[in-house]
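Read the structure below first, then the notes.
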Amino acid sequence: MKTVASVVEKYLKTKPFLLSSLSEGIINLTSLARIIMPEIEMHLGKDIKQGAVVMALKRISEELDFKISHRVAKVLQNLGEITVRSSLTDYTYEISDTLLENQSKLMFEIKTNKNLFYTSSRGVNETNIVVSSEVNSIVEECLKSEKLLSKNENLSSITVKLPHENVSVPGVYYYIFQSLAWEGITIDEVISTSNEFTIIVNENQIDIAFSVIKDLKK
């Protein structure tokens, strides 16, 4: 059986930025209830009182304060080393039967450069390669027979070490990316492992992005 509380909760789950604002206590619950009432009534199929919606919002916001603010904050406070690299280039190639073989040639050519930044991720239809710009010519030579979909230069990366408990706490990545979005940071690529993630951004945004992530630890 549908209740006001269950319908309001389901509605809010489709509005992540609204959920976060509720957890921060920066939304007037009465005003929000008035705005969302028509949609809640539509889902319930009957008229409801505004006070019932306000009470549902109040309960949900109190729960969110624990779930988001406390659990996620604990993880963020334990963020590890933050590493910044600059002068990077992001290549995207269409997947082909020869791509892996040519990538192997590339890795052989650059394997002795210990200070080189190199990462690659493979999707369903394309492969992404991010490297230090100093080896652009080597990348393009080794992969000259492949179909290049895009090439973005003048990029920088921020790599963050995450505490092990991040995998059991929902919302950690959302909170980080939301904070970056609020500052107008455009993310070119995201690369992650179980306890580490890297974002690739334009060099003219690296200082702001670094400050945002560093401030999350406070």
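Observations on the model:
- Residue check, E140 modelled with pLDDT of 95 or more, open to solvent by 10 Å² or more (accessible area, probe 1.4 Å) and either within 23 Å of E196 (Cβ to Cβ) or charged (D, E, K, R) (or both): yes
- Here the condition is being of a type in the set (A, V, I, L, M) and touching a strand residue (DSSP E or B) at 6+ places or on another chain (Cβ under 8 Å); of V124, V190, V212, V172, it holds for V190 alone.
- Single residue of region 185-203 satisfying the filter (over 22 Å from N78 (Cα atoms) and either basic (K, R) or without any contact (Cβ under 8 Å) to a residue 24 or more places away in the chain (or both)) that is surrounded by the fewest Cβ atoms within 10 Å (Cβ to Cβ): T186
- Some residue of region 10-18 being within 28 Å of S157 (Cα to Cα), at pLDDT below 90 and open to solvent by 70 Å² or more (accessible area, probe 1.4 Å): yes
- Region 153-171 - residue that is assigned to a helix (DSSP H, G or I) and at pLDDT below 80 and, of those, least open to solvent (accessible area, probe 1.4 Å): N166
- Scan of region 172-184 for residues that are modelled with pLDDT under 85 and open to solvent by 30 Å² or more (accessible area, probe 1.4 Å), ordered by number: Y173, Y174, Y175, W182
- Every condition in (1) open to solvent by 80 Å² or more (accessible area, probe 1.4 Å); (2) without any contact (Cβ under 8 Å) to a residue 24 or more places away in the chain holds for G51 except the one numbered (1).
Per-residue answers, yes or no, for (1) within 16 Å of T92 (Cβ to Cβ); (2) charged (D, E, K, R):
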position: R122; (1), (2): yes, yes
position: E134; (1), (2): no, yes
position: L143; (1), (2): yes, no
position: N166; (1), (2): no, no
position: K218; (1), (2): no, yes
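- Positions within region 111-133 being under 20 Å from D188 (Cα atoms) and exposed (fewer than 15 other Cβ atoms within 10 Å of the Cβ), in sequence order: L116, S121, R122, G123, V124, N125
- Some residue of region 67-78 being within 30 Å of I138 (Cβ to Cβ), among the polar types (S, T, N, Q) and outside any helix (DSSP H, G or I): no
- If the condition is being touching a residue at least 60 places away in the same chain (Cβ under 8 Å) and of a type outside the set (D, E, K, R), then region 204-218 contributes I206, F210, I213, L216.
- In region 86-99, the condition of being out of contact with any helix residue (DSSP H, G or I) (no Cβ under 7 Å at 6 or more places or on another chain), assigned to a helix (DSSP H, G or I), at pLDDT below 85 and surrounded by 14 or more Cβ atoms within 10 Å (Cβ to Cβ) is met by no residue.
The values are calculated or read from the model by the stated rules, or taken from the named source; none is laboratory data. Keep in mind the model is a prediction, meaning the values are calculated, not measured. Positions of Cβ are generated from backbone atoms using ideal geometry, with glycine treated the same way; all protein chains shown enter the neighbour counts. All accessible areas refer to the heavy atoms of the entire protein, side chains included, with ligands and DNA or RNA removed. Shrake-Rupley method; radii C 1.70, N 1.55, O 1.52, S 1.80 Å.
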